[in-house]
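In what follows, a single structure is set out as structure tokens and then discussed.
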Amino acid sequence: MIAILSDIHSNMHALEAVMEACEKMGVTKYYCLGDVIGYGPRPAEVTRIASQKFEISLRGNHEEALVTGKHRFNPYAAQAIDWTRSQLQSGNAITRMLHHDEKDNLMAWHKERKPFQLHDNMLFVHGSIYDPVHDYVDEPENPIESAQMIATLEEDFKGFDVCFAGHNHTPFLATPLGTITPHDGHSEYRLPKGKKAYVCVGSVGQPRDYDNRSSFATLDGDVLKFHRIEYDVQATMKEILEIGLHRFLAERLAKGI
Ligand SMILES: [Fe+2]
């Protein structure tokens, strides 16, 4: 069973809760669709886990901003990525606590991230098939965008049946048959054989669908399941405020926005 995670955003409490749940479910591989860091308070620890445990970990727009210094972020995200960079550079107080070889490799690991990955009949991106790092897929309430995405998969991505994406922090499943928003009463789907599927897995560390539980998906054969896991939101909020990142970045976690 593969777990597909995205947008952890330096939220260690969320990542620990998700991985604990995954271990119990029998997950054997972790694929991450990017934005391991940014916004949150624990970039070094989350990077360490991602670099050690994730089979795939893509370059998101926050990794790109981290390593290039270029972005179009709002002031809150910009402050957070500058702070993140300062934490991941060797010689910093947190990275000094890590193993000697490891501290020099944290930034290098982020620099090596690739913008997309192909595996069997699956395509993994952070943004979308139009731009794997930046393109933002709207909420599933916009059926036209989902239909366009499926049409593009059919026309231009003939070898690939399923595309997994993150970035929008909102889980949904789009197929030629329509678009579905998973919920607690209905979260497991068999991917339609021979048909295209576009899967947004939501966000582990900063969900934005008014549900503050971590969101991710698992794939077991052709069975796709969306999951929501509670974590200690208050603990991450406290850490954000303690290190001096903007209050909004803490408050949005409680609201799931
Ligand atoms: Fe993100």
Residue count, the stretch 234-243, condition touching a Lys or Arg at 6+ places or on another chain (Cβ under 9 Å), within 11 Å of A14 (Cα to Cα) and more than 16 Å from the ligand (Cβ to nearest atom), comes to 0
Is it the case that F172 is crowded, with 18+ Cβ neighbours inside 10 Å and either of a type outside the set (G, A, S) or at pLDDT 95 or above (or both)? yes
Considering the stretch 1-54, residues that are among the polar types (S, T, N, Q) and within 16 Å of the ligand (Cβ to nearest atom), and then whichever is surrounded by the most Cβ atoms within 10 Å (Cβ to Cβ), we arrive at S6
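When the stretch 191-220 is examined, which residues are found to be surrounded by fewer than 18 Cβ atoms within 10 Å (Cβ to Cβ) and either within 16 Å of the ligand (Cβ to nearest atom) or at pLDDT 95 or above (or both)? Walk me through how you get there before you give the answer.
Going residue by residue through the stretch 191-220, those that are surrounded by fewer than 18 Cβ atoms within 10 Å (Cβ to Cβ) are 192-195, 210-211, 220.
Y210, D211, D220 - these are the residues of the stretch 191-220 that are surrounded by fewer than 18 Cβ atoms within 10 Å (Cβ to Cβ) and either within 16 Å of the ligand (Cβ to nearest atom) or at pLDDT 95 or above (or both).
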Contact list, first residue from the stretch 236-257 and at positive phi, second anywhere and among the charged types (D, E, K, R) and at pLDDT 95 or above, beta-carbon distance below 6 Å, six or more apart or interchain, is G256/D211
Would it be correct to say that S215 is in a loop (DSSP other than H, G, I, E, B), closer than 17 Å to H13 by Cβ and touching an Asp or Glu at 6+ places or on another chain (Cβ under 9 Å)? no
Exactly one of I8, I56, I37, I4 is under 21 Å from V199 (Cα atoms), part of a loop (DSSP other than H, G, I, E, B) and in contact (Cβ under 8 Å) with a residue 40 or more places away in the chain, and that one is I8
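Determine if the stretch 138-161 includes at least one residue that is closer than 28 Å to K70 by Cα and in contact with a helix residue (DSSP H, G or I) (Cβ under 8 Å, 6 or more places away or on another chain). Can you show your working first?
Step one: list which residues in the stretch 138-161 are closer than 28 Å to K70 by Cα, which gives 138-139, 145, 149.
From the residues that got through so far, the ones that are in contact with a helix residue (DSSP H, G or I) (Cβ under 8 Å, 6 or more places away or on another chain) too are 138.
So far as the stretch 138-161 goes, yes, one or more of its residues are closer than 28 Å to K70 by Cα and in contact with a helix residue (DSSP H, G or I) (Cβ under 8 Å, 6 or more places away or on another chain).
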Filtering the stretch 119-137 for residues that are under 12 Å from G60 (Cβ atoms) and outside any loop (DSSP other than H, G, I, E, B) leaves a count of 2
Scanning the stretch 59-71 residue by residue, the ones that are in contact with a His (Cβ under 9 Å, 6 or more places away or on another chain) and in a loop (DSSP other than H, G, I, E, B) total 3
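The values are calculated or read from the model by the stated rules, or taken from the named source; none is laboratory data. Predicted, not measured: the structure shown is a model, and the values here were computed from it. With ideal geometry, Cβ positions are generated from the backbone for all residues, glycine too; neighbour counts draw on all protein chains shown.
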